[in-house]
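Following: one structure in structure tokens, then a few remarks.
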Amino acid sequence: MIKLLGVSKYYQNKFDKTYILRNINLEIKEGEFVSIMGPSGAGKSTLLYIIGMLDSASEGEYYFLDEQVHKMKEKRLTELHKSHIGFVFQQYHLIDELTVYENIETPLLYQKVSGSERKGKVAELLDRFNMVAKKDLFPNQLSGGQQQLAAIARAIISKPKLILADEPTGNLHSDQGKEIMQLLKKLNDEGTTIIQVTHSEENAKYGNRIIKLSDGWIEKE
């Protein structure tokens, strides 16, 4: 599903390059649940953002579903990202001015899904996540755990093949964190490929593979 060949990311000033990622070679198969670990500054989030097409590599090749991402124009990248990838962030990234219902519905508006179909899909997820009573509330009226549930509902509403989660439980207390991890595991059991960045050994164990980064290099698996 995902193949990175010799991928590096650096920032260049006049005289030298500052490397964030160095010569990453990585293959992830459909249906895997992969945890990326490493100290702060190791390049974990940068790797996730490159995989998610929110950032681009400075060098190397990236194949997603056999398509050459490294050669794609912006328009095609956006299409691919919207069609196949759901993102879950540590800070939730919900839109403050929209209700829970409207936040979850947003990806379907971009995909021009009809009103009645949108209604059905949102209702189904609100029910699944026990959030029907919260649908008209705004993000600042929710607990951290509820905000993250809404963010995951938004990420999966268009049924992406891949979910990328950047420290998805970083702002939650342990019970809420466990609930979120169990939910991601269930989505993976249902066939969604998941890649998470985490500092937590406990959360990493939910996956079937751990990739360790250090100073921009893949250390070991």
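The accessible area of Lys9, taken with all protein chains in place and a 1.4 Å probe, comes to roughly 20 Å². Taken over the alpha carbons of the chain as equal point scatterers, the Debye sum produces base-10 log I(q)/I(0) values at 0.12, 0.15 Å⁻¹ of -0.65, -1.00. Positive contributions from Lys and Arg (+1) and negative ones from Asp and Glu (-1), summed over other residues with Cβ under 12 Å from the Cβ of Gly144, come out at -2. Among the GluC sites (Glu not before Pro) in the range 58-128, those located in a DSSP loop and surrounded by at most 10 other Cβ atoms within 10 Å of their own Cβ are Glu97. Built from the Cα atoms of the range 125-168, the convex hull projects on average onto 3.4 nm², one quarter of its surface area.
Other residues within the sphere of radius under 12 Å centred on the Cβ of Tyr62, judged by their own Cβ, net out at -3 (K and R +1, D and E -1).
Here's how it looks for Phe33: its modeled amide H is under 5 Å from those of Ile194, Asn208, Arg209, which are all 5 or more places away or on a different chain.
Relative contact order for the range 34-90: what is it in percent, counting Cα pairs under 8 Å that are at least 6 residues apart?
The value is 22 percent.
The C-alpha atoms of the chain define a longest principal axis, and helix 144-156 lies at about 80 degrees to it. Per-residue ellipticity at 222 nm, computed for the chain from helices alone with -39500 (n - 2.57) per DSSP H run of at least four residues, works out to -10500 deg cm²/dmol. With a Förster radius of 41 Å applied to the beta-carbon distance between Asn13 and Lys75, the computed FRET efficiency rounds to 0.85.
Taking the 1.4 Å solvent-accessible surface of the chain as the whole, the part contributed by carbon and sulfur is 47%. What angle, in degrees between 0 and 90 and rounded to the nearest 10, separates the Cα long axis of helix 100-110 from the longest principal axis of the Cα atoms of the chain? That helix lies at roughly 60 degrees to the long axis. Residue by residue, the range 34-51 carries 3J(HN,Hα) couplings of 10, 10, 9, 10, x, x, 4, x, 7, x, 4, 5, 4, 4, 4, 5, 5, 4 Hz when phi is fed to the Karplus relation 6.51 cos²θ - 1.76 cosθ + 1.60 (θ = phi - 60°); x denotes Gly or Pro.
For Val197, neighbours were defined as the other residues whose beta-carbon sits under 11 Å from its Cβ, and their charges (Lys and Arg +1, Asp and Glu -1) total -1. Between the amide H of Leu213 and those of Met37, Gly38, Glu219, distances stay under 5 Å, these residues lying 5 or more places away or on another chain, with hydrogens modeled in the peptide plane. Taken over the range 1-100, lysine pairs spaced eight or more positions apart, or on distinct chains, with alpha carbons under 17 Å apart number 7.
Spatial offset of the range 147-221 relative to the range 1-18 amounts to 25 Å, using the alpha carbon center of each.
Please identify every one of the trypsin sites (Lys or Arg not before Pro) in the range 34-82 that sits in a loop by DSSP and has no more than 12 other beta carbons within 10 Å of its own beta carbon.
Those that pass, being in a loop and sparsely packed, are Lys73.
Only lysine pairs 8 or more places apart or on separate chains count here, and in the range 134-194 those with Cα atoms under 16 Å apart total 5.
Can you tell me the accessible area per residue over the range 70-145, all protein chains present, probe 1.4 angstrom, in square angstrom? Kindly include the intermediate steps, with their values, before the conclusion.
Working: 4640 Å² over 76 residues.
For the range 70-145, the solvent-accessible area averages 61 Å² per residue.
The values are calculated or read from the model by the stated rules, or taken from the named source; none is laboratory data. For clarity, every value in this text was computed on a predicted model and none was experimentally measured. Methodologically, a virtual Cβ is constructed for each residue, glycine included, from the backbone with ideal geometry; neighbour enumeration extends over all protein chains shown. Surface accessibility is based on the protein's heavy atoms, side chains included, excluding ligands, DNA and RNA. Shrake-Rupley method; radii C 1.70, N 1.55, O 1.52, S 1.80 Å.
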